[in-house]
Amino acid sequence: MEVGPALERMLAADDFAERESGWVEAIEALARRHNALGLTVHLDPTVRNFHSRPLRVIDAGRFATACIESVSDSWLRALPRVGAIDQLLDSTDVLSDGGVAHRVAGFYGSTT
C-alpha cells in the first residue's frame, strides 16, 4: 500500500470515519515499512484505541523506543530524548523570538 493515496483519501474525506480510515491505512503502511527495514525488533503495525477515546493511533512511542534500543553507541543512547524546541514549547512568542528560544536552549544541555 502506498502512503500517498491513503493520505489523499484522508484529505478528501467528507467525514471523520473516512478521514480516520485514510489515516489508519497510511500509518499502518508506514509501520510495515519500518518493520521491513529490520533496524529494530518487529513491532505490531496495527493501530489501537487511544485509551478509552474513539480515536485510533499507532502509539508511535513504541517505535521511537525500539529505535533508541537498537542504538549500540552508549554516548548516543545517553543523550537526552528531546526533540526540537517547537516540540518542547508551544508558544508563538517564544518560538518567534530567537533570543528567548536561545535562552531555553539550556534545557538541551551544553549550548556551545
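A short reminder: the numbers here are calculations on the coordinates, not readings from a lab. No experiment lies behind these values; they were computed from the predicted model shown. Here the Cβ is made from the backbone with ideal geometry for all residues, glycine too, and neighbour counts use every protein chain on show.
List of remarks:
- Rounded tilt (10° steps) of 3-12 against the dominant C-alpha axis of the chain: 80
- Tensor-based shape of the chain (alpha-carbon gyration tensor, a/c under 1.5 rounded, otherwise prolate or oblate): oblate
- Using a Förster distance of 35 Å, the FRET efficiency for Arg81-Glu8 (Cβ separation, nearest 0.05): 0.60
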